[in-house]
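All remarks here apply to the structure that follows.
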Amino acid sequence: MNDLRREKQLIEVIVGLRFEADSLKARIAVLEKENAELRSRLGSDGGAASPEWVKPNRKQRRDAERQARKNRTQSFSRKRLVATEVVYHAVDTCPDCCRKLSGGWEHDRRQVVELPDGPVRVTEYIRIARRCGVCGKRYIPKLDLSGQVVGKCSLGVGLMSVIAAMSVVCRMPYRTIRKMLGLLYGVNVSVGEIVGILHKVAEHGKASYEGLLEEIRGSPVVNADETGWREDGVNGYIWSFSTRNVHYFLYDHSRGSCVVREVLSDEFEGTLVSDFYGAYNVYEGLKQRCWVHLLRDLKELASKHAGDKRVQRWVKAVKSVYYRAKKVADSNCSQSQRVRMRQVFEEQLLELARVYLSDAQAPQRVLSKRIDNFLGELFTFVDTPGVPSENNAAERAVRPAVIARKVSGGTRSARGSITKMRLMSLFQTWSLQGTDPIQACKAILTARN
């Protein structure tokens, strides 16, 4: 009876599976028919007339088209730190014969980097007053805390430097700094106290900040740029003047040439690298206009007139002049050859621009007028050593300020703007020079004590 019952169950399962298979076959036939109809609508190749909403497949590059990776001059992995504590591990006894082991050699090393446990160190100084029993005078010892604190502030210069670095380098909001200090060190600092600490650091760094301006004026090449900033809800501008080793920032309500004239003064005799903004025209010395801005506008012109072959050829010809000039600038040509080639490049570029200067309907007219106006400032990098063809250094310098503006929206007072500019200048300069910013900040805080 059990065998008959089991056989009957198996027959029912087989019948059910067959019915399900027949249903699936019918469904597949319907789908194949719909697929054939769709293919006939799209075309014989199945994808020549794809709808607009269909994203085209990304073209796969062949191995031959891929650029070979450049050989690195150094490894960019994290370097081994200097150990503050060394712990040796060795087997003292042979596990097989129980003989004592001695000597040996170093097999390998492994470092573990960890923060020390425990809250911040708090030192309380108590002065004891004593009276002389003979003369009756009272004596109180002098407490010399120079090098440890600034004025009557209870926070040490090390903690003040960490707060300044969190604000400027890490771009942390004040409330985030407050939370991090409580989590890491167990220190309860109010937002108002953090603001006061930043003001004190900026006051002590005033002399160093003014020294950066003197270095800017004495540099052979300076990159300049400006970006928007708000002070108490009023629009203003951050001006950036940079060299290879110095970043100098200044806030001003004006975006005019008076700021350029004030910063550079009559002491600067080098080359000014900038974009095509007219405020930099006030400088009468050597200038280099940014080719990246011009190339970006050329790319935009070519994309807007993709079907115009004349525009495409003109853009390609202008870029060709620039690329040939870059090769000359990077070569080992003599100075006389560089001067001669610069004249050649200027003549070639002027010839390309002159065709469309009087044609009001030509799409190339705007950029042609720019080339004609700034022709003498486009190829300074060819015959002047150390001058870049672009203003990327200034663009990178103002990028932290742009990020800070998006986070905070600006500053609330004139004093806050001064503090922001000084701290940004000092900390970014220390980073460029490879100096520890916290140790450098401690040095300026203790210099006047």
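Things to note:
- Neighbours of Ala83 by Cβ distance under 15 Å: Lys/Arg scored +1, Asp/Glu scored -1, total +1.
- When only the Cβ of Lys, Arg, Asp and Glu is charged (+1, +1, -1, -1), the dipole of the range 279-318 relative to its Cα centre reaches about 240 debye.
- Here the 3J(HN,Hα) profile of the range 80-92, calculated from phi with Karplus coefficients 6.51, -1.76 and 1.60 at θ = phi - 60°, is 5, 7, 6, 6, 8, 8, 10, 10, 9, 10, 8, 8, 8 Hz, Gly and Pro shown as x.
- Computed from backbone phi, the HN-Hα couplings of the range 141-150 come to x, 7, 10, 9, 10, 5, x, 10, 9, 10 Hz, rounded to whole numbers (Karplus: 6.51 cos²θ - 1.76 cosθ + 1.60, θ = phi - 60°; Gly and Pro given as x).
- Charged-residue dipole, Cβ positions (Lys, Arg, Asp, Glu), the chain about Cα centre, Debye nearest 20: 660
- Here the range 406-437 is scanned for amide nitrogen atoms under 20 Å from the site 7 Å beyond the Cα of Val195 along Cα-to-Cβ, giving 406-424.
- Computed extension length for Arg340-Arg296: 13.1 nm, one decimal, from 0.36 nm per residue of separation with the Cα-Cα distance subtracted.
- Gain on full extension, evaluated as 0.36 nm per residue between Gln439 and Lys179 minus their Cα-Cα distance, stands at 91.3 nm.
- Taking GluC sites (Glu not before Pro) in DSSP loop conformation with at most 11 other Cβ atoms inside 10 Å as exposed sites, the chain has its longest uninterrupted site-free stretch at 285-449.
- Förster radius 60 Å - calculated FRET efficiency between Phe374 and Arg109 (Cβ-Cβ, nearest 0.05): 0.55
- Cross-link partners of Lys420 among lysines, defined as those whose alpha carbon lies under 25 angstrom from its own and excluding same-chain residues fewer than eight positions apart: Lys152, Lys179, Lys200, Lys206, Lys406, Lys442.
- Report summary: the helix-based calculation at 222 nm, which adds -39500 (n - 2.57) for every DSSP H run with n ≥ 4 and divides by the residues of the chain, gives -15500 deg cm²/dmol.
- Three-way shape call for the chain based on the alpha-carbon gyration tensor, with the a/c threshold at 1.5: oblate
- When the Gaussian network model of the chain links Cα atoms closer than 10 Å, the mean-square fluctuations of Asp252, Asp22, Asp383 top out at Asp22.
- For Arg230, the amide hydrogen comes within under 5 Å of the amide hydrogens of Gly236, Thr411, counting only partners 5 or more places away or on other chains and with H modelled in the peptide plane.
- FRET efficiency for Val122 and Lys152, using Cβ-Cβ distance with R0 set to 22 Å, rounded to 0.05: 0.85
- Between the range 241-296 and the range 155-179, the Cα center-to-center distance that results, in Å: 32
- The length gained on full extension between Ser413 and Ser331, counted as 0.36 nm times the residue separation minus their Cα-Cα distance, comes to 24.5 nm.
- Cleavage-rule hits, trypsin sites (Lys or Arg not before Pro), the range 376-449, DSSP coil, Cβ neighbours within 10 Å at most 12: Arg448
- Net charge of Cβ neighbours under 13 Å - reference Pro141; Lys, Arg +1; Asp, Glu -1: +3
- In order along the range 408-423, the Karplus-derived 3J(HN,Hα) couplings, from 6.51 cos²θ - 1.76 cosθ + 1.60 at θ = phi - 60°, round to 9, x, x, 10, 9, 8, 5, 5, x, 5, 4, 4, 4, 5, 5, 5 Hz, and Gly and Pro are given as x.
A short reminder: the numbers here are calculations on the coordinates, not readings from a lab. All values reported here derive from a predicted model rather than from experimental measurement. Backbone-built Cβ (ideal geometry, glycine too); neighbour counts: all protein chains shown.
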